[in-house]
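Just below is one structure, and these are the notes that go with it.
Values quoted throughout were computed directly from the atomic coordinates according to the rules given, and no laboratory measurement underlies them. Worth saying up front: this structure is predicted, and the values here are computed from it rather than measured. Virtual Cβ from ideal backbone geometry, glycine too; neighbours counted across all protein chains shown.
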Ligand SMILES: [Fe+2]
């Protein structure tokens, strides 16, 4: 990304009909945590156009390998071995180089390593559940993990989360900041989940479902899932009345 | 039929959930040995230019209960008003200041706390100066898409009065929800997700 000219245009307006609204009563916690007044809109200023970027040098050798990054020497996490790979692009289809991705997930039994987590499924002593990576010059990324299990959660009496991996994504501007969740192709639990259903449009939900990718599967080792991520695109600054940087 | 514009749709947001710490601040939730430090816990070092300040506060839900499972990120200019970002073309920001910080609310006290510097002024797109401000992004269980707001400072009245963003807020009685109050070397900025004191959140 270093030899590419940084972009300074404002980001496209966010399509808030595509994202979940703040207030989604089927997901009960949102009821008291959702702003009730209208958001106040304004075009991006430098405060939103700019954003922190992170260098590959911050990454440790095993950051993108959840099977081994918490495991004792010679041991590994239990579960179905998978590779998650994909590309971070913006709404114009341009690859986003140098995007920091952080991910976290439950273990293969559906248990998180967290003091607030009380599910009776066992902890895996070799699985921490966090990882991170930075996209390459064309926006591609990959990491290795175990497929997370589904887990019950206190919402309805019998609500279960479909298997999922949480993603936190940084683009090049703070207005692109995004947290989301990736689901797995073929999981019937997806369509019952109140958190998934906070997204009104079925096509938007489908954008969060990673596809099984047998072509990138490593025979006798790990299956692969493809999960592309789209961040907000930028306007061209060519006809802005005040050229930024001039 | 007309030509297709070909734009993609932004990946939809999903809540950060109750276990956001595992991915974003693993050391904070006792997952140690994976990353040396949690990212964003330190914005300054002993060479950072500008006035050192603490920005702290709590995030309240609609019942008045402070959130003990939220995660906040801030993004701000350095003391001279420059962002530490490749998209900052006006100059080079203080290399000893990251401009970006991340802090979970305390699991007991519910407080967040950033050790930072007072930001300088940054121009609006028409060249007028914006008052010193810090962008804040809040995620948590029950928040479906990250909430964005700004912190302004109560001892910058003159600049605040001329700020192009604050000026456009129709309901003037809501403007104080964006202004942190000085308390010694700290500024206190409490955030109300809903109710009479609901903080102004931005779509930007
Ligand atoms: Fe989860």
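Quick notes on this one:
- If you go through region B:108-130 and keep only what is touching a helix residue (DSSP H, G or I) at 6+ places or on another chain (Cβ under 6 Å) and not in a loop (DSSP other than H, G, I, E, B), you end up with just B:122.
- So residue B:15, is it farther than 30 Å from residue A:70 by Cβ, within 8 Å of chain A (Cβ to nearest Cβ) and in contact with a helix residue (DSSP H, G or I) (Cβ under 8 Å, 6 or more places away or on another chain): no
- Odd one out for residue A:197 among (1) within 24 Å of residue A:119 (Cα to Cα); (2) crowded, with 20+ Cβ neighbours inside 10 Å; (3) over 15 Å from the mean Cα position of the chain (by Cα): (2)
- Any hit, region A:96-114, residues being under 30 Å from residue A:173 (Cα atoms), part of a strand (DSSP E or B) and within 12 Å of the ligand (Cβ to nearest atom): yes
- Within region A:80-90, being crowded, with 19+ Cβ neighbours inside 10 Å and either within 16 Å of the ligand (Cβ to nearest atom) or part of a loop (DSSP other than H, G, I, E, B) (or both) holds for one residue alone: A:84.
- Residues of region A:11-42 that are within 7 Å of chain B (Cβ to nearest Cβ), farther than 22 Å from residue A:168 by Cβ and out of contact with any strand residue (DSSP E or B) (no Cβ under 9 Å at 6 or more places or on another chain): A:32, A:36, A:37.
- Test: residue in region A:51-71 that is away from every other protein chain (no Cβ under 11 Å) and within 16 Å of the ligand (Cβ to nearest atom): no
- Boolean, residue A:92 is more than 12 Å from every other protein chain (Cβ to nearest Cβ) and closer than 30 Å to residue A:51 by Cα: no
- Some residue of region A:153-164 being within 12 Å of the ligand (Cβ to nearest atom) and more than 13 Å from every other protein chain (Cβ to nearest Cβ): yes
- As a summary of the residue check, residue A:147 satisfies the conditions (1) within 16 Å of the ligand (Cβ to nearest atom); (2) over 16 Å from the mean Cα position of the chain (by Cα) except for the one numbered (2).
- Index of the failed condition, residue A:223 passing every other in (1) within 16 Å of the ligand (Cβ to nearest atom); (2) surrounded by fewer than 22 Cβ atoms within 10 Å (Cβ to Cβ); (3) not in a loop (DSSP other than H, G, I, E, B): (1)
- Index of the failed condition, residue A:170 passing every other in (1) within 16 Å of the ligand (Cβ to nearest atom); (2) under 29 Å from residue A:61 (Cα atoms): (1)
- If you go through region A:201-225 and keep only what is more than 9 Å from chain B (Cβ to nearest Cβ) and under 24 Å from residue B:19 (Cα atoms), you end up with A:206, A:209, A:210, A:225.
- Scanning region A:123-144 for residues being within 16 Å of the ligand (Cβ to nearest atom) and touching a strand residue (DSSP E or B) at 6+ places or on another chain (Cβ under 6 Å) gives a total of 3.
- Hey, residue B:117 within 10 Å of chain A (Cβ to nearest Cβ) and in contact (Cβ under 8 Å) with a residue 24 or more places away in the chain or not: no
- Residues of region A:115-137 classified as at the interface with chain B (Cβ under 7 Å from one of its Cβ atoms), in a loop (DSSP other than H, G, I, E, B) and either surrounded by 20 or more Cβ atoms within 10 Å (Cβ to Cβ) or under 19 Å from the mean Cα position of the chain (by Cα) (or both), total: 2
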